[in-house]
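Report on the following structure.
The values are calculated or read from the model by the stated rules, or taken from the named source; none is laboratory data. Since we're looking at a predicted model, the values are computed, not measured. Here the Cβ positions follow ideal geometry from the backbone for every residue, glycine too, while neighbour counts run over all protein chains shown. These area figures cover heavy atoms from the full protein model, side chains too; ligands, DNA and RNA do not enter into them. Shrake-Rupley method; radii C 1.70, N 1.55, O 1.52, S 1.80 Å.
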Amino acid sequence: MAYSHFERLSALDDSFLELEDGVSHMHIGAVAIFEAGPLTSPEGGIDIGRIEAAVAAGLHRIPRYRQKLARVPLFDHPVWVDDARFNLHYHVRHTHLPAPGDERSLKRLAGRLMSQELDRGKPLWELWVVEGLEGGRFAIVTKVHHCMIDGVGSVELTGAMMRPTPDDDLNLEAPPPAWAPRPAPSGSELFLSELGHRVGTPLSLLRHLVSDPASVVHGVRDTARGIATVVATGMSPASASPLNVEIGPHRRFDWLDMDLEEIRKIRKALGGTVNDVVLAITAGALRRFLHRRGDDVDGLDFRVMMPVNVRTTETRNQLGNRVAMLTARLPLDEPSARHRLERVIEETTRSKQSSQATGMQALEEISDGTFTTLFTEFARLTAMSRPFNVVVTNVPGPPFPIYLLGAKMQSVAPLVPLFTNQALGIALFSYDGKLFWGFNADWDVLPDLHELVLAAQHELEALASAASLAGAVEATEMAAARSA
């Protein structure tokens, strides 16, 4: 039999393809801003050729970026095959901001780029180099389909081009590693492989049952409990809100950065985790924003969905999605910033102690080994039932500066896609002592998106004041105790 190569998408990866409908675009992305530095060309622009060469030099480390989708006959399940017509020039693109090149213009451009779906006939990614940003800077806008990678996995790929020092150790004079597309399988090969996969999973479980029945029974019981929790959560709708209405295909994108050390001081003074502080800021910002619009938030069962990284040491560098989903209530009805954080901590603790994450993983694994449409249909059903109002995802990045061919990355604003009837998504990325927020929103539903960004900044200040007050009270009590 002739050699051929393909890789099967998991049920979770496939769901991101199936949920894309022309309105909800299922790509993740980011807008990174760089100091031009050594990438300034003699003509005063950006040396696009060197950037493209750097991408070419790193592609051997991320082979998925040279693969496209194919379908298994009859089963219609997607697989990855090498793109025999791969052309790097199609994916690395170049544009220029109009003068004066302020960040507002960059945000508008990013929103337009994120409003366009990726071409499914080619590898599902784009990289836009944007010249003309004020201050002698440039930006890189990236788009990658969510079926290829999750937020944490994208961080692992920064090493393909980026370096932790300004020293440029990429030898761009040498040709990139040779690459030849591996032959794609025939339709019959794909069909027989998929049939074997679906038959093999139940047989493997049966063999495990015979060899260790007690373990299997215990595992089935825990799995059933977890799946029951996921189904119950998915079928329990959150309150209707102005953010959960029919959306269109057009996007606004805005961003904000915060001092990570200030957030850690708040956490230390008031309790919880960095992510709890983030959710408390989000709750307070949404409360301010909706109040400003004249919306009542008292009694609102407003929920957040939080993707949780479930990568192991073995799967750390693998592409595809390795996440589970947790939901928690955001206390938008709470007027006190400090008490909002306390209630957020209670909610996230309850969510972590539940079996939501394990149940979601189990549902995906069952679907992956039997009927992959099971997970997709469950995702569609939950989207319609509205079990959450907004997605907030927080991905840890490098705590030190990184460089592209000697050009320092100043900031990076991440993007999470919008699901059905979800007009707002918030993504965060920590980098070099800062926490960067990316706000992705429907163009028509949130024309006042920047007001929400400003509200988030106000909430940080409110929590910082509460933390300072708590610290002062603690210091006073300690001094009184010492003098007693």
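Report, by chain and number, residues whose modeled amide H sits under 5 Å from the one on residue 25, excluding near sequence neighbours (fewer than 5 apart, same chain).
Under 5 Å from the amide H of residue 25 lie the amide H atoms of 418, each far enough along the sequence or on another chain.
Checking the a/c ratio against 1.5 first, then a/b against b/c, what shape does the Cα gyration tensor give for the stretch 394-478?
oblate
Measure off 7 Å from each Cα along the Cα-to-Cβ vector at residue 84 and residue 23, then give the distance between these two points in nanometres to one decimal.
3.9
Extension gain residue 104-residue 239, at 0.36 nm per residue separation less the Cα-Cα distance, in nm?
Stretched out fully, the residue 104 to residue 239 stretch lengthens by 45.3 nm.
Any lysines with Cα under 16 Å of the residue 434 Cα? List them, leaving off those in the same chain fewer than 8 positions away.
265, 408
Where the accessible area of the stretch 47-165 is counted over protein heavy atoms with a 1.4 Å probe, how much of it, in %, is carbon and sulfur?
Looking at the stretch 47-165 in its full context, I get 51 percent from C and S.
Place the peptides 77-84, 38-45, 345-352 in order of packing, highest mean first, counting for every residue the other Cβ atoms within 10 Å and averaging per peptide.
So the order, starting with the most tightly packed, is 77-84, 345-352, 38-45.
If packing is taken as the mean number of other Cβ atoms within 10 Å per residue, what is the order of 254-265, 176-187, highest first?
Final packing ranking: 254-265, 176-187.
Can you give me the long-range amide H partners of residue 434? Hydrogens built in the peptide plane at 1.01 Å from N, cutoff under 5 Å, separation of 5 or more residues or another chain.
Residues meeting the amide H criterion: 260.
Can you run phi through the Karplus equation (6.51, -1.76, 1.60; θ = phi - 60°) for the stretch 32-39 and list ³J(HN,Hα) in whole Hz, with x for Gly and Pro?
10, 10, 10, 6, 5, x, x, 8
Out of residues 5 or more away from residue 134 or on other chains, whose amide H comes under 5 Å of its own, with H placed 1.01 Å from N in the peptide plane?
Hits under the 5 Å cutoff: 102.
Take the Cβ-Cβ distance between residue 352 and residue 259 as r, set R0 to 22 Å, and report the resulting FRET efficiency rounded to the nearest 0.05.
Here the calculated transfer efficiency is 0.25.
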